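Here, each number is a calculation from the coordinates, and none is a lab measurement. Since this is a predicted model, take the numbers as computed values, not measurements. Here the Cβ is made from the backbone with ideal geometry for all residues, glycine too, and neighbour counts use every protein chain on show.
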Amino acid sequence: MVYEIQTIDILNQLGANKKYKGYTYIISSILYINERSEMPVLTKMLYVDIAKKYNTSAQCVEKNIRKVIENIWENKHNEPLKKSIFGEYQNTRPSNSEFLLSLHQYASTHATREISKEEYSFVCPASGTDCEFCSQLIHEIFSKFIR
């Protein structure tokens, strides 16, 4: 869960658009890479396994991840973070494999920033409205996981 939160946070800071399926595929890919001690052959095992998980094809997974990477590179959002994560690829868009491996390495070696309550609001399951108690509780739980 911590790794998933880190990956989501980094993607959001990079300006990744959540409406694309590739956003979810990138998160799943990073978790997939993190679960294995050896680095997988990304274009073979990874895309096939992610495709099975989401009931789609490996080609769709690859294409949708590529689309998110293209959008991140086009929007010029958070250039200092891009430089920190992708260094040598800063001026040219990395391949899917290069992007995923760089993102994985960055997420595994850098601590996440402090989560603010304003970033994560939660609806109370009992009342169906924003709930200060629920938000505070979730914030405390997340803070313990990512420190």
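Remarks
- Efficiency of FRET between Asn91 and Lys67 - r from beta-carbon atoms, R0 22 angstrom, step 0.05: 0.65
- In terms of distances greater than 21 angstrom between alpha carbons, the cross-link table entries Lys18/Lys67; Lys53/Lys76; Lys44/Lys67; Lys21/Lys53 yield Lys53/Lys76.
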